[in-house]
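This report refers to the structure that appears directly beneath it.
The values are calculated or read from the model by the stated rules, or taken from the named source; none is laboratory data. The model shown is predicted, which means the values in this text are computed figures rather than measured ones. Glycine also receives a Cβ, built like all others from the backbone with ideal geometry; neighbour counts cover every protein chain displayed. When the accessible area is computed, the model is the full protein with side chains, heavy atoms only, and any ligands, DNA or RNA have been set aside. Shrake-Rupley method; radii C 1.70, N 1.55, O 1.52, S 1.80 Å.
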Amino acid sequence: MVTSPLVGTLVIVSIITVAVMSMFTATATDFCSLEQRDVAYECTPFAEDKLDTIPHTCCDALKKFKKTIKDKADAVKACYCHQSSVRSIIKEVDLARVNALPDLCDTKFGFSLDLSFDCSKAE
């Protein structure tokens, strides 16, 4: 089978396009996976009152999570993901400790970590 150079070029362009689109799609959905995997994992022992001091790994994860937030749309998504994560373990965590995380880690968000916060107002 003989293929023309144009067909080969189109295949390569298609592969690159799919790869680039996948990167942007992954970025849009990474808020929840980052929140649930890193922040929840590293901060839950403190939030559950199992540790007296906040681990530096919790603050590192929180700061990494904040860096993924680039604009208002990102902030809204991140807020909803945070609230969903906390609600999934609400019986085990001390909400006052969860709400104190940004201050304890010197990391401010454009939204409150309080579950009563209206995420549509995140900035």
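Quick notes on this one:
- Model label points for Glu48 and Ser88, set 7 angstrom from Cα along the Cα-to-Cβ axis, are 1.5 nm apart.
- Here the Karplus relation 6.51 cos²θ - 1.76 cosθ + 1.60, evaluated at θ = phi - 60°, turns the backbone of region 70-83 into coupling constants of 9, 7, 4, 4, 5, 4, 4, 4, 4, 4, 4, 5, 4, 4 Hz, with x for every Gly and Pro.
- Summing Cβ point charges (Lys, Arg +1; Asp, Glu -1) relative to the Cα centre of region 48-123 gives a dipole of roughly 360 debye.
- Region 23-123: trypsin sites (Lys or Arg not before Pro) in DSSP loop, at most 12 other beta carbons within 10 Å: Lys50, Lys70, Lys91, Lys108
- Here Lys77 is the anchor, and the lysines within straight C-alpha reach of less than 27 Å, apart from those fewer than 8 places off in the same chain, are Lys63, Lys64, Lys66, Lys67, Lys91, Lys108, Lys121.
- Of the residues Thr68, Thr107, ranked by 1.4 Å probe accessible area with the largest first, the sequence reads Thr68, Thr107.
- Label point distance in nm, Asp74-Ser33, each placed 7 Å from Cα along Cα→Cβ: 1.7 nm
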